[in-house]
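So the structure is just underneath, and the comments pick up after that.
The values are calculated or read from the model by the stated rules, or taken from the named source; none is laboratory data. Given the structure is predicted, the values throughout are model-derived calculations rather than measurements. FYI the Cβ positions are ideal-geometry reconstructions off the backbone, even for glycines, and counts take in every protein chain you see. These area figures cover heavy atoms from the full protein model, side chains too; ligands, DNA and RNA do not enter into them. Shrake-Rupley method; radii C 1.70, N 1.55, O 1.52, S 1.80 Å.
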Amino acid sequence: MQNYSAVDVIDDGAAITLHRHGGESLRFHAVWLRDNLLDAETRDPGNGQRLITLGEIPGNVSLESATLNDAHELSLVFAPDGKKASFPISWLEVHAYDTASPSLPGWLPSGIELWDRGLEESVPSASFAEATTNDHSLLSWLKTVERFGFAKMTDGPLESGALLKVADLFGYVRETNYGRFFEVRTEVNPANLAYTGLGLQAHTDNPYRNPVPTLQILYCLENSADGGESQVIDGFKVATRLRDEDLAAFELLSKFCVQFEYAGTSGVKLRSRRPIIELAADGELIAVRFNNRSAAPFTDIPYDRMAEFYQAYRRFAEIVDDPEMAVTFKLEPGECFVVDNTRVLHGRIGYSGDGTRWLQGCYPDKDGLLSKLAILEDAQRERGL
């Protein structure tokens, strides 16, 4: 926590300025402070949920006074009702919004690390046994998934459905028309090309769903076939590489929606429309969707932009197919990998009819992983580690 030397009420009570030693400062609006009070009248002490509505805050709320104390707290008195409150300075620092706004479209939050083929030398991995019995090992693995968007796990049980035990480490599995989990092995007359020995271009799974699955686990039970190596590609790296070489192409793929569709099994017809590169309202890169097998005819791009859109789409695909982008590895029985399906593309090299290749897959949700990660991080901080 940085030291603060003074606080001033500014703009006729509409805001305050916290002055740091060294000349830097943070500003907070009175209405924002009132809406985020930490007392028991404003938030439930047990679950932290807000107990008041915005309508219960005076429309003309302002600050009558603001002082700093030796306990590193900011003490406030609000007008017109004289409400008193205080904030730990450390809390205000964590939740500060008086910061520079990212100007580059496709910006990423801190903690996200882009990667390419170079990561193949040290593929992030953890032991199932250690992650199951040691919270520190599990925390480290979950941080890796958040940082890189994928990670392997080794030494798992050799039994059908073992991937669900991996998902149970951090969350829950989403059931789809494929079931709680699905088989990935060669079939006669397959409902999906994943169930063949063909090589598969790197892709995100199920872009035709709304919402799209946010995580995928692929778990190996048998893999004696010649070929069949798995590949993963950082879709955020693909998108930012396109942006850096051709901003107009990046903007086309983030501006217009494309259609995805799946109707491979009786009674199922799934459709969605989303951009290939999805940005938040402030320009943050939040998702990529790329799956040539499931792309439907594009109808949301104007006639006079279609040709250049396809040029941008082709270039995106060329970057995906660049061997320098792919991390390649062969799963052994009892190994699996998890991918953030909103970020990381996965594919495979084709394999022959000799030997066997049997994987199982499922779709946990990322919010469960992030929740478990936050709980473990809180516990680590409480232990002072």
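Calculated on C-alpha atoms, the gyration radius of segment 301-353 divided by its Kirkwood radius gives an Rg/Rh of 1.14.
Which pairs, out of LYS143/LYS165; LYS165/LYS269; LYS152/LYS237; LYS143/LYS372; LYS165/LYS237, put more than 21 Å between their alpha-carbon atoms?
LYS165/LYS269; LYS165/LYS237
Applying a 10 Å radius around every beta-carbon, put 114-120, 302-308, 334-340 in order of their mean neighbour count, most first.
334-340, 114-120, 302-308
Estimated from the Cβ-Cβ distance and a Förster radius of 30 angstrom, the FRET efficiency linking LYS269 and GLN311 is about 0.45. Taking the alpha carbon gyration tensor of segment 120-180, multiplying each eigenvalue by 5 and rooting it gives semi-axes of 20, 14, 12 Å, largest first.
Sorted into 10 angstrom bins from 0, the C-alpha pair distances of segment 115-272 split as 8, 30, 37, 21, 4 percent.
An ellipsoid equivalent to segment 285-379, defined through the eigenvalues of its Cα gyration tensor, has semi-axes of 31, 24, 13 Å when rounded to whole angstrom and sorted largest first. Normalised per residue, the accessible area of segment 42-178 is 55 Å², obtained with a 1.4 Å probe and no contribution from ligands, DNA or RNA.
Electrostatic bookkeeping for ALA85 treats Lys and Arg as +1 and Asp and Glu as -1; over the other residues with beta carbon under 15 Å from its beta carbon, the sum is -2. If I compute solvent accessible area with a 1.4 Å probe over the protein chains, what percent of it on segment 267-330 is carbon and sulfur? It is 48 percent, rounded to a whole number. Between segment 331-365 and segment 53-121, how far is it from one alpha carbon centroid to the other, in angstrom? Taking the Cα centre of segment 53-121 as reference, the centre of segment 331-365 is 41 Å away. Roughly how many percent of the accessible protein surface of segment 11-141 is carbon and sulfur, given a 1.4 Å probe and a whole-percent answer? The C+S portion of the solvent-accessible surface of segment 11-141 is 48 percent. Against the empirical curve 2.2 N^0.38 Å, the C-alpha radius of gyration of segment 73-113 lands at a ratio of 1.80. Restricting the calculation to alpha carbons of segment 206-259 gives Rg and Dmax of 16.3, 45 angstrom. For segment 143-263, carbon and sulfur atoms together expose 47% of the accessible surface, with a 1.4 angstrom probe and every protein chain in place. Computed from the Cβ-Cβ distance with R0 of 45 Å, the FRET efficiency linking PHE298 to LEU51 stands at 0.40. Across all directions, the shadow cast by the convex hull of the chain built on its C-alpha atoms averages 24.2 square nanometres. Simple rule: put +1 on each Lys or Arg Cβ and -1 on each Asp or Glu Cβ in segment 281-342, find the dipole, and look at GLY334, ALA317, ALA307; the Cα lying farthest toward the positive end is ALA307. Annotation: segment 225-287 has a Kirkwood hydrodynamic radius of 14.1 angstrom, from the mean reciprocal C-alpha pair distance. Our estimate of slack between GLU121 and ALA79, defined as 0.36 nm per intervening residue step minus the Cα-Cα distance, is 9.1 nm.
Could you please put VAL327, VAL31, VAL77 in sequence from largest to smallest accessible area, using a 1.4 Å probe?
VAL31, VAL77, VAL327
For the full complex of protein chains and a 1.4 angstrom probe, list SER272, SER101, SER65 by accessible area with the highest value first.
Ranked list, largest accessible area first: SER101, SER65, SER272.
Shape descriptor for segment 337-383: Rg over Rh equals 1.21 (Cα atoms; Rh from the Kirkwood inverse mean 1/r). Other residues with beta-carbon under 10 Å from the beta-carbon of GLU229 carry, at +1 per Lys or Arg and -1 per Asp or Glu, a net charge of +2.
Quick note on segment 1-110: its Rg to Rh ratio, both from C-alpha atoms and Rh being the Kirkwood radius, is 0.99. Springs join every pair of Cα atoms under 10 Å in this Gaussian network model of the chain, and among PRO105, PRO323, PRO45 the largest mean-square fluctuation is at PRO45.
The peptide list 233-239, 94-100, 169-175, put in order of mean Cβ contacts within 10 Å with the highest first, becomes 233-239, 169-175, 94-100. Taking LEU369, LEU142, LEU104 in turn, the Gaussian network model of the chain (Cα-Cα springs below 10 Å) assigns the largest fluctuation to LEU104. Assuming charge only on the beta carbon of Lys and Arg (+1) and of Asp and Glu (-1), the dipole of the chain about its Cα centre is about 960 debye to the nearest 20.
Over segment 229-385, accessible surface divided per residue gives 45 Å², non-protein components excluded, 1.4 Å probe. Computed on the Cα atoms alone, the convex hull of segment 98-139 gives a volume of 129 cubic angstrom per residue. The charge dipole of segment 52-158, taken about the Cα centre with unit charges on the Cβ atoms of Lys, Arg (+1) and Asp, Glu (-1), comes to about 160 debye, rounded to the nearest 20. Principal-axis analysis of the Cα atoms of the chain puts helix 366-382 at an angle of about 50° to the longest axis.
Sorted on the mean count of surrounding Cβ atoms within 10 Å across their residues, most packed first, peptides 133-141, 354-362 read 354-362, 133-141.
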